[in-house]
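*Asks:* One structure coming up, written as structure tokens, with questions to follow.
The values are calculated or read from the model by the stated rules, or taken from the named source; none is laboratory data. Keep in mind it's a predicted model, so treat the numbers as computed, not measured. Because the Cβ atoms are built from the backbone with ideal geometry, glycine has one as well, and the counts that use them run over all protein chains shown.
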């Protein structure tokens with residue numbers, strides 16, 4: 001299932017937890033950026049979106065295709081705001097953020113480094129199953 005609603009400045013998607021939907025999502029983001037003459041930021045947006053969506057599918061929903069991921073992207077005030085929410089229990093994001101830089105050899109944890117490098121603002125909901133990233137355009 002991949003259900004997208006597209007507005008002038010916003011895309012809203014509900015999708016089941018299948019990795020094939022990440023490519024579909026990134027293509028929608030490319031179209032949104034093109035509509036706002038921000039194609040020059042596609043690489044950064046694609047990396048951040050892929051990481052956030054992969055995390056929601058693989059870690060949050062544990063790859064369970066019966067669980068959904070909801071994401072929304074909105075262009076406003078010179079930024080792309082990307083909101084991603086999964087149906088998992090969440091995680092202790094405060095502990096992750098307090099750890100500092102991840103080890104380059106680590107098998108996980110690089111997503112937070114990507115977010116820190118490419119997003120201006122990162123916020124999580126209290127339980128850690130939703131995040132909002134502000135990516136400058």
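*Asks:* For the list (1) closer than 18 Å to residue 137 by Cβ; (2) modelled with pLDDT of 95 or more; (3) part of a loop (DSSP other than H, G, I, E, B); (4) touching a helix residue (DSSP H, G or I) at 6+ places or on another chain (Cβ under 9 Å), I need the number of the one condition that residue 40 fails.
*Replies:* Here residue 40 meets the rest and fails (3).
*Asks:* Answer yes if at least one residue in the range 83-96 is loosely packed, with under 13 Cβ neighbours inside 10 Å, without any contact (Cβ under 8 Å) to a residue 40 or more places away in the chain and in a loop (DSSP other than H, G, I, E, B), and no otherwise. Can you show your working first?
*Replies:* Initial filter on the range 83-96 (loosely packed, with under 13 Cβ neighbours inside 10 Å): 89, 92, 94-95.
Next, from what is left, pick out any that are without any contact (Cβ under 8 Å) to a residue 40 or more places away in the chain: 92, 94-95.
Still in the list and also in a loop (DSSP other than H, G, I, E, B): 92.
Yes: one or more hits.
*Asks:* Given the criterion without any contact (Cβ under 8 Å) to a residue 60 or more places away in the chain, crowded, with 16+ Cβ neighbours inside 10 Å and assigned to a helix (DSSP H, G or I), identify the matching residue among 32, 117.
*Replies:* From the options 32, 117, the qualifying one is 32.
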